[in-house]
Amino acid sequence: MKPIRLAVLAALPCITQPALAAHWTVDYAKSRLGFTVQWSNEPFSGTFKKWNADIDFDPANLAQAHASVDVDLASEESDEPDFDSGLKGAQGFATSQFPTAHFVTKSFVQKAANAYVARGSLTLHGVSQDITLPFTLTMSGRRAHIAGSAHVLRSDFGLGHGAWAASTPVSQDVTINIDLTAIQ
């Protein structure tokens with residue numbers, strides 16, 4: 001009888017503690033986080049040069065997967081420096097008042113062999129909204145590559161005031177783009 005009790009007690013930590021998803025370290029030199037929006041009927045793209053991601057992900061254990069991303073909005077750069085200063089100003093990101101954007105996942109769903117959807121909350125400009133981020137995952141050994149995009153409406157986050165509140169010259173629809181390489 002005692003050996004059975006010992007076996008049950010030894011197994012108890014395995015039963016009560018969920019398996020953790022694998023932790024990934026982003027290779028920022030090979031990764032990109034940015035956005036695209038139609039501006040005067042032309043695509044305008046910007047990238048964020050400073051951001052941090054904390055990622056725990058295992059395709060075999062999506063219930064324990066988690067990601068949290070903080071973006072320094074003042075680090076936005078594009079090929080149009082004149083637009084960048086306006087974008088960071090009071091009628092855009094208002095970086096002096098809202099310096100960061102934050103995305104945290106709530107769940108992951110696998111849609112196909114290497115296709116997933118992350119559901120989470122994006123906080124931008126002091127407003128939090130639920131968004132979905134479809135992405136593809138390619139894994140090779142201890143290296144992973146994620147590419148995906150999410151569509152949001154800038155008006156949902158209170159971005160654009162005065163003349164910039166309208167859908168022209170800047171579209172309401174913004175595509176957030178991720179191209180991320182990470183190592184386990």
Among the residues of the range 111-128, the number that are part of a strand (DSSP E or B), surrounded by 13 or more Cβ atoms within 10 Å (Cβ to Cβ) and not small (Gly, Ala, Ser) is 6
Pairs only if they're at least six apart or on different chains, beta carbon under 6 angstrom, first in the range 170-184 and free of Cβ contacts under 8 Å to residues at least 40 places away in the same chain, second surrounded by fewer than 19 Cβ atoms within 10 Å (Cβ to Cβ) and hydrophobic (A, V, I, L, M, F, W, C); list them, first residue then second. GLN172/LEU153
For the range 142-149, check the following and say yes or no: at least one residue is free of Cβ contacts under 8 Å to residues at least 60 places away in the same chain, more than 19 Å from the chain's Cα centre (by Cα) and not in a loop (DSSP other than H, G, I, E, B). no
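Please tell me if LYS106 is loosely packed, with under 15 Cβ neighbours inside 10 Å, under 21 Å from ALA150 (Cα atoms) and more than 14 Å from the chain's Cα centre (by Cα). Walk me through how you get there before you give the answer.
Values: loosely packed, with under 15 Cβ neighbours inside 10 Å: yes; under 21 Å from ALA150 (Cα atoms): yes; more than 14 Å from the chain's Cα centre (by Cα): no.
For LYS106, the condition - loosely packed, with under 15 Cβ neighbours inside 10 Å, under 21 Å from ALA150 (Cα atoms) and more than 14 Å from the chain's Cα centre (by Cα) - is not met.
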Scanning the range 150-169 for residues that are at positive phi and touching a residue at least 40 places away in the same chain (Cβ under 8 Å) gives GLY160, GLY162
Every residue in the range 133-184 that is over 23 Å from PHE98 (Cα atoms), surrounded by 14 or more Cβ atoms within 10 Å (Cβ to Cβ) and among the charged types (D, E, K, R), please. ARG143, ASP179
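Every read-out reported here was derived from the displayed coordinates using simple, explicitly stated rules and does not represent laboratory data. This is a predicted model, so every value here is computed, not measured. Every residue, glycine as well, gets a Cβ built from its backbone with ideal geometry; the counts of neighbours run over all protein chains shown.
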